[in-house]
1. Of the numbered conditions (1) touching a Gly at 6+ places or on another chain (Cβ under 8 Å); (2) at positive phi, residue 393 satisfies every one except a single condition; which is it?
2. Can you pull out every residue in the range 146-177 that is assigned to a helix (DSSP H, G or I) and over 20 Å from the mean Cα position of the chain (by Cα)?
3. Just a yes or no: is a residue in the range 59-68 among the β-branched types (Val, Ile, Thr), assigned to a helix (DSSP H, G or I) and at pLDDT 90 or above?
4. Could you tell me how many of the residues in the range 181-212 are in a helix (DSSP H, G or I) and at pLDDT below 80?
5. What's the number of the condition residue 106 fails, among (1) closer than 30 Å to residue 463 by Cα; (2) buried (at least 24 other Cβ atoms within 10 Å of the Cβ); (3) among the small types (Gly, Ala, Ser); (4) over 14 Å from the mean Cα position of the chain (by Cα)?
6. Looking at the range 291-339, which of its residues are part of a loop (DSSP other than H, G, I, E, B) and either surrounded by 24 or more Cβ atoms within 10 Å (Cβ to Cβ) or among the hydrophobic types (A, V, I, L, M, F, W, C) (or both)?
7. Please go through the range 213-228 and pick out each residue that is of a type in the set (S, T, N, Q), within 13 Å of residue 343 (Cα to Cα) and in a helix (DSSP H, G or I).
8. Quick check, is residue 53 modelled with pLDDT of 70 or more and surrounded by fewer than 24 Cβ atoms within 10 Å (Cβ to Cβ)?
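The values are calculated or read from the model by the stated rules, or taken from the named source; none is laboratory data. Computed from a predicted model, the values in this text were never measured in an experiment. Cβ sites come from the backbone with ideal geometry, for glycine too, and all protein chains shown count toward neighbours.
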Amino acid sequence: MDTIIGFINDLLWGTVLIYLLLGVGVFFTLRLSFIQFRHFGHMFSVLKHSRKSDAAGISSFQALCTSLAARVGTGNLAGVAVALYLGGPGAIFWMWVIALIGMSTAFVESSLAQLYKVKDEDGNYRGGPAYYMEKGLGLRWMGVLFAIFLIIAFGLVFNAVQANSISAAMKVAFGIPDWASGLALVFLSGLIIFGGLRTIARFAELVVPVMALAYLLIALVVVAMNITELPGVLLLIVKSAFGLEQAGGGAMGYAISQALINGIKRGLFSNEAGMGSAPNAAASATPYPPHPASQGYVQMLGVFIDTIVICTCTASIILLSGQFEPGSGITGIELTQRALANEVGNWGNTFIAIAILFFAFTSIVANYAYAENNLIFLEHNHKAGLLVFRLFVLGMVMFGAVGELPTIWAMADASMGMMALINLVAILLLSGVAIKLAQDYNDQLKLGKVPTFDATKYPELHRQLEEGIWDRK
């Protein structure tokens, strides 16, 4: 099994996805005229009006918090440490690059998810890549394939990854056995998972802003304590990204490739831009302004918060602490805990344990929401199938809590890679539609209007859309 997973990862992450992710991100950055930089301030303007919702959808702010709940997890605390250990400080630079470029990709996939959303049998909005593959491309088989990989990745594998990091952190900080952490996680996850999408959205809206601000604050304290060393650390990150720390040409090439591969791999795992996961949350929102592109702006901001803000916090704590030792065998959440404890004392262990508990636990429930959305795409609200799946998810949480980290991370990389591959192909095929949405939104914005999407202006799109959702009232 390990050999097969290793082969898939080598194929996907060694060549295919590295070039595809960067290529798609650069393509959309150019076609949208550097939208993530030109309209950086507008992302916050949209966020100011993001608390509105209706009977069919959650608010844009709840959708952002749900997507951040899934994004901000082990990728930010354990994943950054893994990237540093395997790829060196230069991996952080490539995490930044993939996030900045990926913001345009996030805009496209979330705008498309909003455009092609539908209402389920209970009257709630549903959507995401599987839906825009079926409606926009007319390729249900492609949507089915994507949905299956997402269910495996988010419903099962990623939740095992999150549970693994929680149990490891609880053991280091409090000496709690893995099985005990696993049982507690199963019980707490079950309470929220069985409450449905709106319960998950309300939970994320309450918890995510608090946990993100608390982590940002502690990172700023560590940076302030080591402010004189910060320029040197930033220089180290940039030099390592281009192999300038290594002497020989061979060593330089290997260092660059390791930094690039691990930075992009862990960066994608953290911010999920292009993977096709966040659009599942984006589609469930009632956006304001009432235009698909407005949710694209909100989800662009999510990528920025996740990687440029929170992942940088973790990298700063580790590199400023002096605890980063290549070849030592200390990596993952343990490295992050040791780094913070070195800076602020033993209570740093406890703080990281609590942070990973909240970060990873919110990821578990948000990951489940994504998986449920795609199960409904496959089964059309089959209640018995949903019950069985929820029990399966809780079983994977228990498995992850007591399992071994390397195999679980490898499974996560493989399933994430297959998801990303299918989604990137789909959004490239739908790129013309996404560019129309951006132009329509910005043309109205320039005229001083509140951008409002009227599907009847686009007959070629109108016949593909769910009746009544985008017809202008």
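1. Result: residue 393 fails condition (2) only.
2. First pass over the range 146-177, keeping only residues assigned to a helix (DSSP H, G or I): 146-174.
Once the filter is applied, which keeps residues that are assigned to a helix (DSSP H, G or I) and over 20 Å from the mean Cα position of the chain (by Cα), the range 146-177 yields 167, 168, 169, 170, 171, 172, 173, 174.
3. Filtering the range 59-68 for residues among the β-branched types (Val, Ile, Thr) gives 66.
Among the residues that remain, those that are also assigned to a helix (DSSP H, G or I) are: 66.
Remaining after also requiring at pLDDT 90 or above: none.
Taking every residue of the range 59-68 in turn, none turns out to be among the β-branched types (Val, Ile, Thr), assigned to a helix (DSSP H, G or I) and at pLDDT 90 or above.
4. Narrowing the range 181-212 to residues in a helix (DSSP H, G or I): 181-193, 197-212.
Subsequent filtering for residues that are at pLDDT below 80 retains 191-193, 197-212.
Of the residues in the range 181-212, 19 are in a helix (DSSP H, G or I) and at pLDDT below 80.
5. (4)
6. Start the filter on the range 291-339 by keeping residues that are part of a loop (DSSP other than H, G, I, E, B), which leaves 291, 322-331.
Answer for the range 291-339, where residues must be part of a loop (DSSP other than H, G, I, E, B) and either surrounded by 24 or more Cβ atoms within 10 Å (Cβ to Cβ) or among the hydrophobic types (A, V, I, L, M, F, W, C) (or both): 291, 324, 330.
7. If we filter the range 213-228 for residues that are of a type in the set (S, T, N, Q), which is where we start, we get 226, 228.
Remaining after also requiring within 13 Å of residue 343 (Cα to Cα): 226.
Listed by number, the list is empty, since nothing qualifies.
8. Values: modelled with pLDDT of 70 or more: no; surrounded by fewer than 24 Cβ atoms within 10 Å (Cβ to Cβ): yes.
In short, no.
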